[in-house]
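Heads up, the thing below is written out as structure tokens.
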Amino acid sequence: METNLTQCDTILRALLINKEKDNWTAKEFQNGEYFVGYEATARMSELANKYPTLIKVGKDGRFRTLSINWDNEEEIKREKERLGINYERVR
């Protein structure tokens, strides 16, 4: 993965690569491979506002969740190209 991604790009890239995962919370970006830190909640809000037709916002209890609107193929393709994603993660 490129090291010069913005925090928003790091989150968006994780959502786009991990198609099998339905919902993401800020906690998942506070450590590990897709580390953003305590700012994850704010960055998730920014993503939801910036990409209203690509990002679906949900709730898990009191926590916000994000997922990709996989029906929006054109925007998915455009963002994958911008982020240099040319594969699907297979688990």
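Suppose the filter is modelled with pLDDT under 95 and closer than 17 Å to Thr10 by Cα; does Asn86 pass it?
On the way: modelled with pLDDT under 95: yes; closer than 17 Å to Thr10 by Cα: yes.
So Asn86 passes the test.
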Query - Per-region count, region 13-30, residues among the charged types (D, E, K, R), in contact with a Ser or Thr (Cβ under 6 Å, 6 or more places away or on another chain) and not in a loop (DSSP other than H, G, I, E, B) - result: 0
Query raised in the report: Could you count how many residues in region 25-64 are more than 22 Å from Asn4 (Cα to Cα) and among the aromatic types (Phe, Trp, Tyr)?
Result: 1
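Report, by residue number, each residue of region 13-30 that is more than 19 Å from Glu79 (Cα to Cα) and modelled with pLDDT under 95. Let's see the steps before the verdict.
Applying the first criterion (more than 19 Å from Glu79 (Cα to Cα)) to region 13-30 yields 25-30.
Across region 13-30, there are no qualifying residues.
Residues in region 31-51 that are part of a loop (DSSP other than H, G, I, E, B), farther than 18 Å from Arg78 by Cβ and out of contact with any Ser or Thr (no Cβ under 9 Å at 6 or more places or on another chain): how many?
Of all residues in region 31-51, those part of a loop (DSSP other than H, G, I, E, B) come to 31-39, 51.
Then keep just the ones that are farther than 18 Å from Arg78 by Cβ; that gives 31-39.
The next check asks that each one be out of contact with any Ser or Thr (no Cβ under 9 Å at 6 or more places or on another chain); those that pass are 31-33, 37-39.
The total comes to 6.
Quick test for you: out of Thr65, Thr10, pick the one residue that is among the hydroxyl-bearing types (Ser, Thr, Tyr), at pLDDT 95 or above and in a strand (DSSP E or B).
Details: Thr10 fails: in a strand (DSSP E or B).
Going through Thr65, Thr10 in turn, just one is among the hydroxyl-bearing types (Ser, Thr, Tyr), at pLDDT 95 or above and in a strand (DSSP E or B): Thr65.
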Query raised in the report: Within region 50-82, how many residues are among the small types (Gly, Ala, Ser) and either over 12 Å from the mean Cα position of the chain (by Cα) or loosely packed, with under 11 Cβ neighbours inside 10 Å (or both)?
Result: 2
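How many residues, within region 52-62, are part of a strand (DSSP E or B), without any contact (Cβ under 8 Å) to a residue 40 or more places away in the chain and closer than 11 Å to Leu12 by Cα?
Initially, region 52-62 is screened for residues part of a strand (DSSP E or B), giving 55-60.
With without any contact (Cβ under 8 Å) to a residue 40 or more places away in the chain added as a condition, the list becomes 56-60.
Filter once more, so that each one left must be closer than 11 Å to Leu12 by Cα: none.
Going through region 52-62 one residue at a time, the tally reaches 0.
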Report summary line: With criteria (1) without any contact (Cβ under 8 Å) to a residue 60 or more places away in the chain; (2) within 13 Å of Thr10 (Cα to Cα), Glu79 comes up short on (1)
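Within the group Arg13, Arg43, which residue is under 22 Å from Ile85 (Cβ atoms) and touching a residue at least 40 places away in the same chain (Cβ under 8 Å)? Don't jump to the end; show me each part of the working.
Numbers: Arg43 fails: touching a residue at least 40 places away in the same chain (Cβ under 8 Å).
Going through Arg13, Arg43 in turn, the sole match is Arg13.
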Report summary line: Looking across region 16-39 at residues that are among the aliphatic types (A, V, I, L, M) and surrounded by 20 or more Cβ atoms within 10 Å (Cβ to Cβ), the single one that is farthest from Gly58 (Cα to Cα) is Val36
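The values are calculated or read from the model by the stated rules, or taken from the named source; none is laboratory data. Because the structure is predicted, anything quoted here is derived from the model rather than measured. Methodologically, a virtual Cβ is constructed for each residue, glycine included, from the backbone with ideal geometry; neighbour enumeration extends over all protein chains shown.
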